[in-house]
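Structure first, commentary second.
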Amino acid sequence: MTPSHAVTESTLTGVGIGRGLAVGPVIRMPDPLPEPSDAPSTLTPDAEKVRAAGALAATAVDIRLRGDRAGGSAKDVLDAQAFMAEDPTLRDDVNARIDSGRTAERAVFEAFVQFRDLLVSMGGYMGERATDLDDVSQRVVAHLQGVAAPGVPDPDHPFVLVARDLAPADTALLDLEKVLALITSDGGPTSHTAILAREKSIVAVVGARGALSLDNGEIVIVDASTGVVTIAPSEAERAAAEATLAERKAAPEVPVGPGAMADGTKIPLLANLGSVDKLTEAVEKGAEGVGLFRTEFLFLDSDRAPSIEEQQAKYTALLGAFPGKKVVVRALDAGADKPLSFLNDEPEENPALGLRGLRALRAHESILRDQLTALANAEAVTEADVWVMAPMVSTVEETRYFVSLAKELGLKTAGVMVEVPASALLADRILADADFASIGTNDLTQYTLAADRLLGSVASFQDPWHPAVLRLVGEVGRAGAALDKPVGICGEAAADPMLAVVLVGLGATTLSMSPAALADVRAELSRFTVKQAKEFAELALSANSAVEARAAVFSAASSLTSSTHNRTESE
Ligand code: PEP
Ligand code: MG
């Protein structure tokens, strides 16, 4: 007979968010409300319309209140959900369905399903918003039926929450004292669940196929650093995970300060920002500047190109927060999942491979000129060291075009993002013309592995640990070292602490990430020398897959740190 502590383990793999670890019993998110009956209404259409309007309005208010309580980017996400409940087109659709005899519940249900299908058919960023819409629909129907909206369970003990995908309203308000970790079966690395989990430092593995087969009460180990969920771990595995947790708790925090390797080599740690709201957080968490300011996020809702004055005011606020520090501003990266109506006028079958980034800007050069002029004006009235870069550059000719235009308009440091394999492979020539390169590993991974970065079904391909991606990063690092030009990393890969060490080994000279990730990356860099980082990079490059690369580096790192530990103890 198998002893009770035998290895009965099996695992699930998904995309880990952050590097947290948790052990605990599973609690599954309850099933959604049943579909409302399609039996004809017994009330008058006007009475049903009043019910529907009241429930939509009350749901919008409820969601906004949750947003106010949650704050931060959760508030933005929840405000967007409240807007869905107030959408006039949707309300008209609900009323039309009521006019044809439906109850308010059924009309709401059908109208939201139709809207959801539309979003799903659009795919990408819009497709990922479908979960948000389902959640709003359930809340409105629950309100109409006078029952509680299905939400996060509230047992009297800590637990690991398992769900298909969480609605933003649920993720935003998770009780962090009780929810040890989050596992979802759906949702890609850029779903709202992932974004909010990262921001709130919730241990999470998203897109873990098979998660819904976990039973309530089952013990799991959730390791976000590897994306692995161990089901029914052996006693030894559980003890090891708990020991690691205790060790991490006891480890002294690396004080907020400049990023550096154990040998003292400086690796400046910068912030990725998409608005000026997070400036204070970035500064508090020790950002040494800004490595990526996503200017397109400022104008996603705008239907006309922003004026020079309007942009200048925003850039001046940004630059003013970093006197004497480097601030890398990216020219508008419009297209694919971030369309700007004034730059992307033609529908495209494959927008990620279309007129995106610098290609779209070039097709509207006056918009690019205005942006660069606004930035040069803002630089003139602030003390920041402004660097400007172009998104989605794929040729040497595009590099020359952008760099010379930026200089003509008064900017002194101009570079390019390396996001497509072509520019990584020709990095030596591109860097001969550009002042610096910044590697966008999100897009570089999507284009190298041919896997849509927003699609949960191909999430396993979107792994920047893949040796093919790392080899391309190494090409850029080598070119940067040969030409003495800085090479930054500003994709999500830089926020993965162990991978950040590997990226330094591949030649990255700065790392930029969301402010929430700075502390963990700072701590990890401080544990290894550049020489060790290079050894890890070699190990990762010689692996056959992302999984092997990660495993090889983790194992080398842990044997290094345990031998250092043993040495220190015997001294
Ligand atoms: C990237 O592609 O890695 C990047 C930083 O740019 P974005 O995520 O905005 O496309
Ligand atoms: Mg990109």
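Before moving on, here are some points about what is shown:
- Residue check for LEU12: modelled with pLDDT of 85 or more, closer than 25 Å to THR184 by Cα and part of a loop (DSSP other than H, G, I, E, B): no
- Qualifying residue in the stretch 243-266 (condition: within 16 Å of ligand 1 (Cβ to nearest atom), under 25 Å from ALA516 (Cβ atoms) and surrounded by fewer than 19 Cβ atoms within 10 Å (Cβ to Cβ)): no
- In the set (1) assigned to a loop (DSSP other than H, G, I, E, B); (2) open to solvent by 10 Å² or more (accessible area, probe 1.4 Å), ARG356 fails one condition alone, (2).
- In the set (1) touching a strand residue (DSSP E or B) at 6+ places or on another chain (Cβ under 9 Å); (2) crowded, with 17+ Cβ neighbours inside 10 Å, GLN312 fails one condition alone, (1).
- Answer residue from the stretch 412-428, given it is of a type in the set (A, V, I, L, M) and away from ligand 1 (no atom under 12 Å from the Cβ) and is farthest from LEU372 (Cα to Cα) among those: LEU425
- Of all the criteria given as (1) among the hydroxyl-bearing types (Ser, Thr, Tyr); (2) assigned to a helix (DSSP H, G or I); (3) modelled with pLDDT of 95 or more, the one not satisfied by SER512 is (2).
- When LEU539 is tested against (1) away from ligand 1 (no atom under 16 Å from the Cβ); (2) closer than 21 Å to GLY440 by Cβ, exactly one condition is not met: (2).
- Once the stretch 429-465 is narrowed to residues that are hydroxyl-bearing (Ser, Thr, Tyr) and away from ligand 1 (no atom under 13 Å from the Cβ), the residue that is least open to solvent (accessible area, probe 1.4 Å) is SER457.
- Selection of the stretch 370-382 for residues being among the small types (Gly, Ala, Ser) and open to solvent by 20 Å² or more (accessible area, probe 1.4 Å) yields only ALA380.
The rows are residues; the columns are (1) of a type in the set (A, V, I, L, M); (2) assigned to a loop (DSSP other than H, G, I, E, B); (3) touching a residue at least 24 places away in the same chain (Cβ under 8 Å).
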| site | (1), (2), (3) |
| --- | --- |
| ASP301 | no, yes, no |
| ALA305 | yes, yes, yes |
| GLN311 | no, no, yes |
| THR316 | no, no, yes |
| VAL327 | yes, no, yes |
| LEU332 | yes, yes, yes |
| LEU343 | yes, yes, yes |
| PRO347 | no, yes, no |
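- Failed condition for THR561, given (1) of a type in the set (Val, Ile, Thr); (2) more than 30 Å from THR280 (Cβ to Cβ); (3) in contact (Cβ under 8 Å) with a residue 40 or more places away in the chain: (3)
- Scanning the stretch 395-445 for residues that are part of a strand (DSSP E or B) and either within 16 Å of ligand 2 (Cβ to nearest atom) or among the basic types (Lys, Arg) (or both) gives GLY415, VAL416, MET417, VAL418, ALA437, SER438, ILE439.
- Residue satisfying condition, being more than 16 Å from ligand 1 (Cβ to nearest atom) and open to solvent by less than 10 Å² (accessible area, probe 1.4 Å), within set PHE342, PHE322: PHE322
- Residue satisfying all of: in the stretch 282-297; within 16 Å of ligand 2 (Cβ to nearest atom) and either polar (S, T, N, Q) or outside any strand (DSSP E or B) (or both); farthest from LYS338 (Cα to Cα) among these: THR295
- Residue count for the stretch 480-503, restricted to those that are open to solvent by 10 Å² or more (accessible area, probe 1.4 Å) and either at positive phi or away from ligand 2 (no atom under 16 Å from the Cβ) (or both): 7.
- When the stretch 466-489 is filtered for residues that are away from ligand 1 (no atom under 14 Å from the Cβ), assigned to a helix (DSSP H, G or I) and over 20 Å from the mean Cα position of the chain (by Cα), the ones remaining, listed by number, are PRO467, ALA468, ARG471, GLY474, GLU475, GLY477, ARG478, ALA479, GLY480, ALA481, ALA482, LEU483.
- The stretch 383-409 - residue that is within 21 Å of GLY289 (Cα to Cα) and surrounded by fewer than 19 Cβ atoms within 10 Å (Cβ to Cβ) and, of those, farthest from the chain's Cα centre (by Cα): GLU383
- The lone exception for ALA148 - which of (1) surrounded by fewer than 18 Cβ atoms within 10 Å (Cβ to Cβ); (2) touching a residue at least 12 places away in the same chain (Cβ under 8 Å); (3) part of a loop (DSSP other than H, G, I, E, B) it fails: (2)
- The stretch 504-515 - residue that is of a type in the set (Val, Ile, Thr) and buried (at least 24 other Cβ atoms within 10 Å of the Cβ) and, of those, nearest to GLY227 (Cα to Cα): VAL504
- Test: residue in the stretch 120-139 that is assigned by TED's automatic domain parsing to the domain that holds VAL229, of a type in the set (A, V, I, L, M), out of contact with any strand residue (DSSP E or B) (no Cβ under 6 Å at 6 or more places or on another chain) and part of a helix (DSSP H, G or I): no
The values are calculated or read from the model by the stated rules, or taken from the named source; none is laboratory data. Small disclaimer: the values here were computed from a predicted structure and weren't measured. Here Cβ is always computed from backbone atoms with ideal geometry, including for glycine, and neighbour counts include all displayed protein chains. Only protein heavy atoms, including side chains, enter the accessible area calculation; ligands, DNA and RNA are left aside. Shrake-Rupley method; radii C 1.70, N 1.55, O 1.52, S 1.80 Å.
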